[in-house]
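Working notes, beginning with the structure itself.
The values are calculated or read from the model by the stated rules, or taken from the named source; none is laboratory data. Note that the coordinates shown come from a computational prediction; the quantities given were computed from them, not determined experimentally. Note: ideal-geometry Cβ built from the backbone for every residue, glycine included; neighbour counts use all protein chains shown.
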Amino acid sequence: MDLLQGNQMKKLFSVVCVLGTVLPILSSCSMPAGRIMKTTEPDSVGSRAAGAATFDQLLSGAVNKLLLSHGAAREAATKLSVAVLRVENASAEELGDWQEQIFDKISTSINESGRYQTISLRYIDAGLRESRLKSGDLFIPAKRRVFLDILEAAKVPAQVLIFPKLTTGTTELGPKRAQRNYLLTLELVDISTGRDFRVSEEVRKAYR
Amino acid sequence: MDRYLNSSMALAVGLFLVSCAGGQRTNVRREFDEGRYQSSHEKLTGLARKDGKNEHLYLLERGVVSLALDRAGDAVRDLRLARDRLDDLAGTDYVGWLSSMMLDDRQLAYQGADYEQVLVRAMLALADLADGNSEDAGAYALQVASRQRKIIESFRARDGSLPKSSYRQVAFGSYLKAIIDEEALKFDLAKIQFQKVKAIEPRFSPAAADIKRVVEGHHSSKGNGVVHVLALVGRGPFRVEAEEPVTRAALAIAHYIWASSRNRAAIPNISRVKIPAVAVYEDNPTEVHVSADASPAGSTSLLTDIETLALDEFEAIREHIVARAFLRRAFKVTATQLAIEAANRGNDRRGEYTDGDALRDLGISAAGLLWSALEGADLRCWSLLPASFQALRVELSEGEHLISLQAGKKGVAAGTPREVKVHVRDGYNTYVVAIFPSMEGGACVLSSDAAEPPSPPADASGSP
């Protein structure tokens, strides 16, 4: 019986020792991990912000609508040269590394349509820097001309400008629940006709 | 008997090592104050590599240093990683916050003070504006208020009250959003944000003129642009260890948690506990004096007083912090008592208590005492935050201008002026970020649209 009590006591003492030393260390340790996702796996849905699934849905929806509306209205013998501007972020979330990716995805989708050819973002950034203009200035004809002249001088003339803009609307449903609507708008300005098209795609997301 | 003594010693040594592990941070504050940014950056990089659990704390610090080194893009990256990690670690609710800290805060990954979790977003917005190559500043600025709302609402006490609802709001985020909206000619949105600034920080005297300007619907006169000087003034609040008496209110909070988590009301008698209190520097500059092309343009006005923010936050949840420290100490005392009780169960049955048993109990008690004695307040904090965010709006003609800045105290300029030559564009904002931690020490100025790179930091030539 004494031996049994002694063993219990030792166990309890050991537990206290272990808890006192190991728990504090383990409580906040975690090993980083990563894996290559299969091509068939769906995109991850961000727990804090838009994330891959949201952006893919927004981009594919908006670009398809744009190509259908403008492509149907405008027929050209040769591919139209398109300058896609950086995304104007008017949302409550930062784009971070999505900024470049969104440009690339829009650019790739437009190129794949076969009717358009996009201009590299490097030329567009350089053109804006050289002309000391911001993308909003390109709606002023005189300032737009300056920008287009720089692109033409670089042998990458633009016939169409596309202005992407991301907005969000948030509905708070308590301290831990919210609904956020993401709206991606693509505004296309056809320089030769002066016409502009606007298409939008919305994704609604619930957070808790 | 020897086995118990050995076990007690092992426990004591183990606890000592664990307690020391969190206290090996090198203080980079001094180097930063002296303008040795490159050296600070290298030290923080090394610390982040060594102490992976608290990497985000060093990234917060390094974000400020990167900004001082005119690497705003790097600052955004560091601060964003730190923000995401802080969000992951943030306590879920009130009871969770109290009961998760039964051991020693210093052994846990740094969770960040509430004001730090809010201000990391303000710093992100500032760094993004300084970078000048991104569109995310507005989003970060909006996150300042939304994060603060979440922090307040998620901390509900047992009586249903929201102890953090007395927190002071951060006007800096609203101000940054306002000037971004104003530049984009969204005057209605800018007006809402300027009105928030006026309500949150009545000491910000330019708010009335800002509201009037956006109501009239103009950003600047034709041919002019605006230079926004955004200043990080003084050295921010820091933590000191304080012996705090356990008040009746704190004891009531602790009793509630103790009884609900241990299913018994007996609680050890502890009169004082160590807690991390907030302290501030007394010799901080109070404003930055600005001149444009050698003509005085005014001085910056206070937008967010970080010292008051931290002190108010501390006062708002002081009793809860004491209750938490009390619970932690009570847990240790009880664990030691339980160990002695269990060890003596055999003796009680035998009806004898030998010298060996006495020595064993002494060993357990000594280990328990050491466990409690080694406990210290968690003094970690985002030490490179400024004491305040301040701003000055200067309307200038299109073209290049030399902006000169000088730290000041109560209206008197002192210290070495810092200069930056900037481009001003018709109808647009140019951002000048000024970091002035002290009156005479290191300081730096950078711009989103610098015509010439600002002068290198003090230790740039000596760095590898």
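State yes or no: is B:ALA330 at pLDDT below 95 and under 29 Å from B:ALA391 (Cβ atoms)? Spell out how you get there, then give the answer.
Details: at pLDDT below 95: yes; under 29 Å from B:ALA391 (Cβ atoms): no.
No; evaluated as a whole, the condition is false for this residue.
If I filter segment B:76-90 for residues that are modelled with pLDDT of 95 or more, acidic (Asp, Glu) and part of a helix (DSSP H, G or I), do I get at least one hit?
Scanning segment B:76-90 turns up at least one residue that is modelled with pLDDT of 95 or more, acidic (Asp, Glu) and part of a helix (DSSP H, G or I).
Kindly provide the set of residues from segment B:325-350 that are away from chain A (no Cβ under 14 Å) and touching a Ser or Thr at 6+ places or on another chain (Cβ under 9 Å), ordered by number. Outline the logic, then answer.
Of all residues in segment B:325-350, those away from chain A (no Cβ under 14 Å) come to B:325-327, B:330.
Answer for segment B:325-350, where residues must be away from chain A (no Cβ under 14 Å) and touching a Ser or Thr at 6+ places or on another chain (Cβ under 9 Å): just B:LEU327.
Looking at segment A:114-131, which of the residues that are in contact with a Phe, Trp or Tyr (Cβ under 8 Å, 6 or more places away or on another chain) and either within 13 Å of chain B (Cβ to nearest Cβ) or surrounded by fewer than 16 Cβ atoms within 10 Å (Cβ to Cβ) (or both) is nearest to A:PRO164 (Cα to Cα)?
Let us first name the residues in segment A:114-131 that are in contact with a Phe, Trp or Tyr (Cβ under 8 Å, 6 or more places away or on another chain), namely A:121, A:127-128, A:131.
Subsequent filtering for residues that are either within 13 Å of chain B (Cβ to nearest Cβ) or surrounded by fewer than 16 Cβ atoms within 10 Å (Cβ to Cβ) (or both) retains A:121, A:128, A:131.
Working: A:LEU121: 13, A:LEU128: 16, A:SER131: 20 Å.
Out of the qualifying residues, it is A:LEU121.
Are there any pairs with C-beta distances below 6 angstrom linking a residue in segment B:314-333 that is aromatic (Phe, Trp, Tyr) to a residue that is in a helix (DSSP H, G or I), with the two at least 6 apart or on different chains, and if so which?
Note: pairs meeting the criteria are B:PHE326/B:ALA254.
Look at A:PHE13 and say whether it is closer than 30 Å to B:LEU142 by Cβ and either surrounded by 11 or more Cβ atoms within 10 Å (Cβ to Cβ) or modelled with pLDDT of 85 or more (or both). Break it down into steps so the answer makes sense when it comes.
On the way: closer than 30 Å to B:LEU142 by Cβ: no; either surrounded by 11 or more Cβ atoms within 10 Å (Cβ to Cβ) or modelled with pLDDT of 85 or more (or both): yes.
Taking the combined requirement at face value, the residue does not satisfy it.
Take the residues in segment B:372-417 that are of a type in the set (D, E, K, R) and in contact with a Ser or Thr (Cβ under 7 Å, 6 or more places away or on another chain), then tell me which one is modelled with the highest pLDDT.
Checking each candidate, the answer is B:GLU395.
Select from segment A:114-123 the residues that are touching a helix residue (DSSP H, G or I) at 6+ places or on another chain (Cβ under 8 Å) and assigned to a helix (DSSP H, G or I) and write down the one among them that is farthest from A:LEU151 (Cα to Cα). Full working, then the answer.
Within segment A:114-123, the subset touching a helix residue (DSSP H, G or I) at 6+ places or on another chain (Cβ under 8 Å) is A:115-119, A:121, A:123.
Going one step further and asking which of them are assigned to a helix (DSSP H, G or I), we end up with A:121, A:123.
On the way: A:LEU121: 11, A:TYR123: 7 Å.
Among residues in segment A:114-123 that are touching a helix residue (DSSP H, G or I) at 6+ places or on another chain (Cβ under 8 Å) and assigned to a helix (DSSP H, G or I), the one farthest from A:LEU151 (Cα to Cα) is A:LEU121.
Just checking, how many residues over segment A:76-113 are of a type outside the set (A, V, I, L, M, F, W, C), part of a loop (DSSP other than H, G, I, E, B), within 14 Å of chain B (Cβ to nearest Cβ) and farther than 18 Å from B:ARG80 by Cα? Please lay out each step first, then the result.
To start, the set of residues in segment A:76-113 that are of a type outside the set (A, V, I, L, M, F, W, C) comprises A:78-79, A:81, A:86, A:88-89, A:91, A:93-94, A:96-97, A:99-101, A:104-105, A:107-109, A:111-113.
So of that shortlist, the ones also part of a loop (DSSP other than H, G, I, E, B) come out as A:78-79, A:86, A:91, A:93-94, A:96-97, A:113.
Still in the running and within 14 Å of chain B (Cβ to nearest Cβ): A:86, A:91, A:93-94, A:96-97.
Then drop every residue that is not farther than 18 Å from B:ARG80 by Cα, which leaves A:86.
Total satisfying the criteria: 1.
Taking the stated definitions as given, is B:ARG324 at pLDDT below 90 and surrounded by fewer than 22 Cβ atoms within 10 Å (Cβ to Cβ)? Before the answer, list the steps.
Numbers: at pLDDT below 90: yes; surrounded by fewer than 22 Cβ atoms within 10 Å (Cβ to Cβ): no.
So B:ARG324 does not fit the description; no.
List pairs: first in segment B:282-296 and without any contact (Cβ under 8 Å) to a residue 60 or more places away in the chain, second in a strand (DSSP E or B), Cβ under 9 Å, 6+ apart or cross-chain?
B:PRO296/B:HIS289; B:PRO296/B:VAL290
Mind checking which residues of segment A:132-142 are within 12 Å of another protein chain (Cβ to nearest Cβ) and either within 22 Å of A:VAL203 (Cα to Cα) or surrounded by fewer than 16 Cβ atoms within 10 Å (Cβ to Cβ) (or both)? Before you say what the answer is, go through the steps one by one.
Within segment A:132-142, the subset within 12 Å of another protein chain (Cβ to nearest Cβ) is A:132-137, A:139-140.
The answer is A:ARG132, A:PHE139, A:ILE140.
Of all residues in segment B:278-294 being within 18 Å of the chain's Cα centre (by Cα) and buried (at least 19 other Cβ atoms within 10 Å of the Cβ), which is nearest to B:VAL229 (Cα to Cα)?
Taking the candidates together, the pick is B:ASN284.
When you scan segment A:145-163, how many residues do you find that are in contact (Cβ under 8 Å) with a residue 40 or more places away in the chain and either buried (at least 16 other Cβ atoms within 10 Å of the Cβ) or assigned to a helix (DSSP H, G or I) (or both)? Don't jump to the end; show me each part of the working.
Residues of segment A:145-163 in contact (Cβ under 8 Å) with a residue 40 or more places away in the chain: A:148, A:151, A:156-163.
Filter again for either buried (at least 16 other Cβ atoms within 10 Å of the Cβ) or assigned to a helix (DSSP H, G or I) (or both), leaving A:148, A:151, A:156, A:158-163.
Residues in segment A:145-163 being in contact (Cβ under 8 Å) with a residue 40 or more places away in the chain and either buried (at least 16 other Cβ atoms within 10 Å of the Cβ) or assigned to a helix (DSSP H, G or I) (or both): 9 in total.
So, of the residues in segment B:59-75 that are in a helix (DSSP H, G or I) and over 17 Å from B:ALA48 (Cα atoms), which turns out to be nearest to the other protein chains (Cβ to nearest Cβ)? Give the derivation first.
Taking segment B:59-75 first, the residues in a helix (DSSP H, G or I) are B:59-68, B:72-75.
Narrowing further to those that are over 17 Å from B:ALA48 (Cα atoms): B:67-68, B:72-73.
Working: B:LEU67: 17, B:ALA68: 22, B:ALA72: 14, B:GLY73: 11 Å.
The qualifying residue nearest to the other protein chains (Cβ to nearest Cβ) is B:GLY73.
Could you check, for segment B:149-172, whether at least one of its residues is under 17 Å from B:LEU126 (Cα atoms), assigned to a helix (DSSP H, G or I) and of a type in the set (S, T, N, Q)? Please lay out each step first, then the result.
Step one: filter segment B:149-172 for residues under 17 Å from B:LEU126 (Cα atoms), giving B:170-172.
Cutting the leftovers down to assigned to a helix (DSSP H, G or I) gives us B:171-172.
Remaining after also requiring of a type in the set (S, T, N, Q): none.
Within segment B:149-172, none of the residues are under 17 Å from B:LEU126 (Cα atoms), assigned to a helix (DSSP H, G or I) and of a type in the set (S, T, N, Q).
With touching a residue at least 12 places away in the same chain (Cβ under 8 Å), surrounded by 18 or more Cβ atoms within 10 Å (Cβ to Cβ), within 14 Å of chain A (Cβ to nearest Cβ) and not hydroxyl-bearing (Ser, Thr, Tyr) as the only criterion, which of B:VAL433, B:VAL394, B:VAL422 stands out? Reasoning before the result, please.
Numbers: B:VAL433 fails: within 14 Å of chain A (Cβ to nearest Cβ); B:VAL394 fails: within 14 Å of chain A (Cβ to nearest Cβ).
Exactly one residue qualifies, and that residue is B:VAL422.
Search segment B:177-189 for residues that are among the aromatic types (Phe, Trp, Tyr) and pair each with any residue that is crowded, with 19+ Cβ neighbours inside 10 Å and in a helix (DSSP H, G or I) when their beta-carbon atoms are under 6 Å apart and the residues are at least 6 apart or on different chains.
B:PHE187/B:VAL214
Go through (1) among the hydroxyl-bearing types (Ser, Thr, Tyr); (2) within 12 Å of chain A (Cβ to nearest Cβ); (3) within 23 Å of B:TYR110 (Cβ to Cβ) for B:SER383 and report which single condition fails.
All conditions are met except number (2).
Taking the condition within 30 Å of B:ARG62 (Cα to Cα), away from chain A (no Cβ under 11 Å) and not charged (D, E, K, R), does B:LEU369 pass?
Values: within 30 Å of B:ARG62 (Cα to Cα): no; away from chain A (no Cβ under 11 Å): yes; not charged (D, E, K, R): yes.
No, not satisfied.
Residues to consider are B:GLY173, B:GLY223; find the one that is in contact (Cβ under 8 Å) with a residue 40 or more places away in the chain and away from every other protein chain (no Cβ under 14 Å). Break it down stepwise before answering.
Values: B:GLY173 fails: away from every other protein chain (no Cβ under 14 Å).
None of the others qualify; the one that does is B:GLY223.
Considering only residues that are within 28 Å of B:ILE275 (Cα to Cα) and in a loop (DSSP other than H, G, I, E, B), look in segment B:107-146 and name the one that is farthest from the other protein chains (Cβ to nearest Cβ).
B:ALA113
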